[in-house]
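Working notes, beginning with the structure itself.
The values are calculated or read from the model by the stated rules, or taken from the named source; none is laboratory data. Everything numeric in this text was worked out from a predicted model, so none of it was measured. Methodologically, a virtual Cβ is constructed for each residue, glycine included, from the backbone with ideal geometry; neighbour enumeration extends over all protein chains shown.
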Ligand code: SF4
């Protein structure tokens with residue numbers, strides 16, 4: 001029977017399956033952060049249990065770390081969460097990359113960066129954007145805190161087999177159009193829940209042509225159209241990215257791994273429950289206008305007429321009227337960051353737009369690298385100087401204004417061009433208004449002070 | 001029963017991030033839908049819905065962040081069941097772990113429930129897990145639920161203990177794993 005990539009990944013991790021019960025899957029890597037884990041560790045303690053495989057578990061602080069001023073500038077509760085994580089990791093022997101470490105960063109940025117994320121693995125984390133790791137041909141999805149506790153205790157997860165969807169992307173991406181626009185366009189077309197109950201494989205020549213960073217951006221946002229996981233079959237691009245990283249296999253082990261990884265593709269003739277075709281050559285840079293990622297249009301477009309109560313509510317919240325040209329919307333803030341778009345390639349793309357120009361006087365703009373090592377690498381290339389010379393704030397790594405659990409938030413009514421993944425009401429600060437877009441688009445908005453087609457600037 | 005006639009209610013709304021800094025599993029009830037309630041006039045604050053144990057809502061309920069704090073807050077507030085045309089996958093899983101019943105019904109039936117409660121806020125509707133029906137006066141809507149989830153909810157089983165029973169299988173699997181797979185240290 002020809003099998004899909006998802007099917008192969010799934011079957012390789014089944015420990016046990018029984019009629020009427022979910023499959024019991026083995027977890028190869030469990031990523032842990034400060035916000036969704038304290039109750040799980042507490043649960044373990046109360047039941048007298050311990051972490052079964054601390055050697056397959058790794059933790060970092062990212063969600064509420066301050067991005068300037070060091071630990072002392074964190075509020076008391078955030079500091080407590082970070083301390084509790086450190087204590088839990090110490091007690092259970094789990095490696096922790098916390099503030100101050102060169103390996104600290106957003107959990108979905110450091111996994112790939114350290115070579116911990118590899119093809120064929122099953123990866124979970126108490127965070128919905130765990131789908132990011134699927135870019136390596138891994139099965140990766142977010143779990144809740146009770147499941148975090150279960151994985152800590154057993155290294156297993158009971159899961160019901162999901163359906164298979166394929167997204168086939170063809171056609172060359174036009175200049176100024178990025179991986180972010182592929183996925184924003186897709187979500188706009190499919191809506192917020194079309195992927196529910198499905199594992200999605202992104203393929204086709206355009207996806208094959210994307211860098212690992214681009215593939216991660218696409219897989220990252222799978223959850224925004226409801227998919228359980230997103231993945232891309234591994235290929236030479238994947239192997240080249242993984243090779244030589246701290247936790248990548250070496251020598252003879254590398255060769256063995258490669259042999260296995262090359263089998264991780266959907267067999268010819270394998271059946272999907274649905275196939276979605278995307279023609280990338282017709283795409284334009286996309287910008288969200290509403291409060292879900294599906295409320296999105298090309299930047300050359302206008303705010304659409306509302307079709308539902310949800311649309312009307314979004315228009316009210318965003319203080320927008322139908323028919324307004326996107327390019328006429330002025331912004332106050334710019335955020336370049338998050339696990340969707342804060343890797344080195346993203347910063348380079350934004351910097352290339354900014355080079356030699358200046359942030360609009362009415363705009364406050366900041367760059368928050370996805371990890372400390374992205375930050376250091378960017379500084380080595382002088383990207384920090386490009387941003388700073390243009391008037392951007394250059395911060396330390398963390399989730400920052402993607403969700404505003406640290407001091408980086410929008411004031412009520414402020415409007416932000418953001419490279420993150422969620423434009424929900426209040427996501428970046430109570431009353432704040434978020435427009436999602438690619439890093440070059442956010443850079444362009446910073447320069448002009450309004451939403452703008454980056455192609456006018458390049 | 002209380003109505004929340006909106007699609008795509010995300011977990012950022014159900015429990016805003018400023019309340020994720022606690023390290024406990026309880027005490028989230030007062031912060032349920034905090035930002036919406038702070039603006040005043042929020043439906044759940046109307047006296048006629050006080051004490052409601054069933055919430056009926058729009059499609060894709062619980063989308064967004066995986067925070068289990070969302071079902072914790074709903075439960076702490078007093079809800080025992082949520083009825084909607086569809087739920088985000090992680091949220092639904094979190095509900096079952098929390099002892100909260102997530103019931104999926106077709107659009108038209110959810111619409112009927114919302115109309116009912118809008119007309120008469122005191123209308124009684126029961127989500128019966130044992131018989132797998134949502135029933136009220138003159139109607140009975142059957143719903144499907146994963147067998148395993150149903151057992152978990154009805155019997156309040158300790159899922160970790162259930163998995164631990166398969167320790168021999170887990171150990172055997174661990175021995176079979178490729179030796180080049182990464183360890184974190
Ligand atoms: S950057 Fe944003 S989306 Fe990504 S893990 Fe952090 S909070 Fe979640």
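Worth pointing out:
- Condition check for residue A:263: under 25 Å from residue A:439 (Cα atoms) and either at pLDDT 95 or above or not in a strand (DSSP E or B) (or both): no
- Within the span defined as the stretch B:42-61, every residue fails to be part of a helix (DSSP H, G or I), touching a residue at least 24 places away in the same chain (Cβ under 8 Å) and closer than 30 Å to residue A:45 by Cα.
- Criterion applied to A:415, A:364, A:333, A:343 was being within 12 Å of the ligand (Cβ to nearest atom) and under 26 Å from residue A:289 (Cα atoms), and the one residue passing it is A:343.
- Any hit, the stretch A:404-418, residues being part of a loop (DSSP other than H, G, I, E, B) and within 14 Å of the chain's Cα centre (by Cα): no
- Test for residue A:157: is it more than 7 Å from chain B (Cβ to nearest Cβ), over 19 Å from residue A:198 (Cα atoms) and either away from the ligand (no atom under 14 Å from the Cβ) or in contact (Cβ under 8 Å) with a residue 60 or more places away in the chain (or both): no
- In the stretch A:118-140, residue surrounded by the most Cβ atoms within 10 Å (Cβ to Cβ) [restricted to those that are within 8 Å of chain B (Cβ to nearest Cβ) and more than 15 Å from residue A:223 (Cα to Cα)]: A:118
- The test for being free of Cβ contacts under 8 Å to residues at least 60 places away in the same chain, away from the ligand (no atom under 16 Å from the Cβ) and within 13 Å of chain B (Cβ to nearest Cβ) does not hold for residue A:75.
- Some residue of the stretch A:248-259 being part of a helix (DSSP H, G or I), at pLDDT 95 or above and within 16 Å of the ligand (Cβ to nearest atom): no
- For the stretch A:54-69, a residue qualifies if it is closer than 18 Å to residue A:117 by Cα and away from the ligand (no atom under 16 Å from the Cβ), and the qualifying residues are A:54, A:55, A:56, A:57.
- Sole residue being surrounded by fewer than 19 Cβ atoms within 10 Å (Cβ to Cβ) and modelled with pLDDT under 95, chosen from B:158, B:128, B:107: B:158
- Of the strands (runs of 3 or more DSSP E) contained entirely in the stretch A:74-186, those carrying at least 2 residues that are closer than 22 Å to residue A:237 by Cβ and modelled with pLDDT of 95 or more fall at A:122-125, A:139-142, A:163-170.
Yes/no matrix, rows are residues, columns are (1) surrounded by fewer than 23 Cβ atoms within 10 Å (Cβ to Cβ); (2) in contact with a helix residue (DSSP H, G or I) (Cβ under 8 Å, 6 or more places away or on another chain); (3) more than 11 Å from chain B (Cβ to nearest Cβ); (4) within 13 Å of residue A:184 (Cβ to Cβ):
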| site | (1), (2), (3), (4) |
| --- | --- |
| A:400 | no, no, yes, no |
| A:405 | no, yes, no, no |
| A:408 | no, yes, yes, no |
| A:423 | no, no, no, yes |
